[in-house]
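Asks: Quick one: the structure is below, and I'll ask about it shortly.
The values are calculated or read from the model by the stated rules, or taken from the named source; none is laboratory data. It should be emphasised that the depicted structure is a prediction, and the values quoted were computed from it without experimental measurement. Note that each Cβ is placed from the backbone with ideal geometry, even for glycine, and that neighbours are counted across all protein chains shown. These area figures cover heavy atoms from the full protein model, side chains too; ligands, DNA and RNA do not enter into them. Shrake-Rupley method; radii C 1.70, N 1.55, O 1.52, S 1.80 Å.
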Amino acid sequence: MDTLTGVTVQISQNFDGGNIEVVSAESAHDIRLNIRHDQDSEFYQWFYFRLSGARNIACTLKILNAAGAAYPKGFENYRVAYSYDRQHWNRWPTSLANGVLTIEITPEQDSVYFAYFAPYSMERHADLIARSLQSARCSLEVVGQSLDGQDIDLLKISSGGSTPTKHCWLIARQHPGETMAQWWMEGALEWLLDPTNAQSRALLERCTFFVVPNMNPDGSRRGHLRTNAAGRNLNREWAAPAMDAAPEVFVVREAMAREGVDFFLDVHGDESLPYCFIAGVEGLSGWDESSQAQLDFYKNRLADLNPDFQTAVGYPPKAPGEANLTMAGGHVGHHFGCLAMTLEMPFKDTTATPEPTVGWNGPRSKALAHSCLLAVGDYFDSKVSQ
Ligand code: ZN
């Protein structure tokens, strides 16, 4: 009961991808919350919850444990995603003081959802797979099950022709809280499967795509930031994944070994940096001028195609021999000797091309995917890929 207004406000999170713990919600002016840790892990940062019963009431929501999150800088200059209709997500300012993230808002409706980024639920994932399979270009292989018993879905997108093609692998959401990665996947699949798109038709004459739209269904449904149901960070499991700890990586790695890899993109989100960028695997021991030329070509082409992507800011490249082979990009680049990259999109917004109302969001992630695929075609047309 709110002592000032006589109205009860409620916070709930028991739904697909939900994450919050209520410390106290007795007063709308002082709603105190904590973000739940990933299972068997110290990581936390993803949150997703519903506030109800607060229409036209000035609410103050405080996330008390923001300072201990995996990437506390992610909460500096951060605008929270919120939605009334669960379709359109806008941004609202927050403030950070003494390690507490505060949202002050007067909801316009009886129910409002807040999330670290626009969610991408496992139900939406199931819809995406089913919708994609309506295309004759698309086939499904369930390569295994997660620890919670969810399917690991691998989609193959092919023109069905008999000419040999390049095998391009796209994977996303090893880190389940990075939902922009699966929005990107939705854009990629829609673009590849659009029968009216002459560019995708031409690309599929040369390339077959193997797509894992969600590498971590358990973390996604459980509302994790970074790990699977066993608390494993899947992007540190690629050197020697165990079936009882990281089956998601084990089965996808097996499928890659079977099919071969000529191009690899692992799609992620970055909590702190307000940029879209690509991290290469310059630290591989066999990295040479030709590897660098391939990476530079792809990044520069993508920057030409889409102003939301840039090449000036990103992670500093590692020195030769210092690549992390437990990461997907390191493993694939080392094992298959192909162009292997990690794409990062922001949780916040892009510095040069900001859209303050929505921040970086699902539709912009989807549009970037279209550009990434166009750049794949240009890459295989170029001399550097020969
Ligand atoms: Zn990530």
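Asks: Sort all Cα-Cα distances of the range 183-232 into consecutive 10 angstrom bins from zero, then give the percent of pairs in each bin up to the one containing the longest distance.
Replies: With a bin width of 10 Å, the distribution comes to 22, 36, 21, 18, 2.
Asks: A follow-up question, please. Under a Cβ-only charge scheme (Lys and Arg +1, Asp and Glu -1), can you give me the dipole magnitude of the range 144-276 about the Cα centre, in debye to the nearest 20?
Replies: Value, rounded to 20: 180 debye.
Asks: Could you check how many percent of all C-alpha pairs in the range 168-208 are farther apart than 17 Å?
Replies: Of all Cα-Cα pairs in the range 168-208, 39 percent lie more than 17 Å apart.
Asks: Divide by every residue of the chain the summed helix terms, -39500 (n - 2.57) for each DSSP H run of at least 4, and state the resulting mean residue ellipticity at 222 nm, rounded to the nearest 500 deg cm²/dmol.
Replies: -8000 deg cm²/dmol
Asks: Could you tell me what % of all Cα pairs in the range 57-153 have separations over 15 Å?
Replies: Of the Cα pairs, 72 percent sit more than 15 Å apart.
Asks: What FRET efficiency would be calculated for the residue pair residue 40, residue 300, taking the C-beta separation as r and a Förster radius of 41 Å, to the nearest 0.05?
Replies: 0.50
Asks: Can you list the residues of the range 104-122 with backbone N under 15 Å from a point 7 Å past the Cα of residue 52, pointing along Cα to Cβ?
Replies: The answer is 109-114, whose backbone nitrogens lie closer than 15 Å to the label point.
Asks: If you take the square roots of the eigenvalues of the alpha-carbon gyration tensor of the chain and sort them as a ≥ b ≥ c, do you get rounded (a/c under 1.5), prolate (a/b over b/c) or oblate?
Replies: The shape class here is prolate.
Asks: Here's something else I'd like to know. Using a 10 angstrom cutoff on alpha carbons, build the Gaussian network for the chain and name the most mobile of 183, 287, 191.
Replies: Looking only at 183, 287, 191, the biggest GNM fluctuation is shown by 287.
Asks: Quick check on the chain: of the DSSP beta bridges with both residues there, what percent are antiparallel, nearest 5%?
Replies: Restricted to the chain, the bridges split so that about 65 percent are antiparallel.
Asks: Arrange the peptides 378-384, 211-217 so that the one whose residues have, on average, the most other Cβ atoms within 10 Å appears first.
Replies: Packing order, densest peptide first, comes out as 211-217, 378-384.
Asks: Regarding the range 177-327, what's the average projected area of the Cα-atom convex hull, expressed in nm²?
Replies: Mean projected area of the Cα convex hull: 10.5 nm².
Asks: Further question on the same structure: May I ask you to compute the full-extension gain from residue 163 to residue 353, defined as 0.36 nm times their residue separation minus their alpha-carbon distance, rounded to one decimal in nm?
Replies: Separation in residues times 0.36 nm, less the Cα-Cα distance, equals 64.3 nm.
Asks: Another question about this same structure. Taking all pairs of different Cα atoms in the range 116-265, averaging 1/r and flipping that mean, what Kirkwood radius in angstroms comes out?
Replies: Radius from the Kirkwood sum: 15.6 Å.
Asks: Using a 1.4 angstrom probe with every protein chain in place, what is the largest-first accessible-area order of 315, 298, 113?
Replies: 315, 113, 298
Asks: If each residue of separation counts as 0.36 nm, what is the full-extension length gain between residue 319 and residue 77 once their alpha-carbon separation is subtracted?
Replies: 83.9 nm
Asks: Can you tell me the length gained on complete extension of the stretch residue 123 to residue 14, counting 0.36 nm per residue apart and subtracting the Cα distance?
Replies: That pair, residue 123 and residue 14, stretches by 37.8 nm at full extension.
Asks: Here's something else I'd like to know. What accessible area per residue comes out for the chain, rounded to a whole number of Å², with a 1.4 Å probe?
Replies: Heavy-atom accessible area per residue stands at 41 Å².
Asks: Could you pull out the pairs from 156/318; 318/366; 166/348; 156/366 whose alpha carbons sit more than 25 Å apart here?
Replies: Among 156/318; 318/366; 166/348; 156/366, the Cα-Cα distance tops 25 Å for 156/318; 318/366; 166/348.
Asks: While we're on this one: More than 14 Å apart: what percent of Cα pairs in the range 294-339 qualify?
Replies: 63
Asks: Which value, in debye to the nearest 20, gives the size of the charge dipole of the range 231-302 about its Cα centre, when Lys and Arg are +1 and Asp and Glu are -1 at the Cβ?
Replies: 80
Asks: Can you give the FRET efficiency for residue 108 and residue 142, using 1/(1 + (r/R0)^6), R0 = 41 Å, r = Cβ-Cβ distance, to the nearest 0.05?
Replies: After rounding, the FRET efficiency stands at 0.45.
Asks: How long are the semi-axes of the equivalent ellipsoid of the range 121-169, taking √(5λ) for every eigenvalue λ of the Cα gyration tensor, in whole Å from largest down?
Replies: Output for the range 121-169: semi-axes of 24, 14, 8 Å.
Asks: Here is a follow-up. Please work out how much accessible surface residue 313 shows to a 1.4 Å probe, ignoring ligands, DNA and RNA, in Å² rounded to 10.
Replies: Rounded to the nearest 10, that gives 50 Å².
Asks: Where nothing but the Cβ of Lys and Arg (+1) and of Asp and Glu (-1) is charged, how large is the charge dipole of the range 1-88 around its Cα centre, in debye to the nearest 20?
Replies: That gives a dipole near 280 debye.
Asks: At R0 = 22 Å, how high is the FRET efficiency between residue 381 and residue 293 if r is their beta carbon distance? Nearest 0.05 is fine.
Replies: With a Förster radius of 22 Å, E is 0.90.
Asks: Let me understand the range 268-386 better: what is its radius of gyration from the alpha carbons, and its Dmax, in angstrom?
Replies: Gyration radius and largest Cα-Cα distance of the range 268-386: 14.5, 45 Å.
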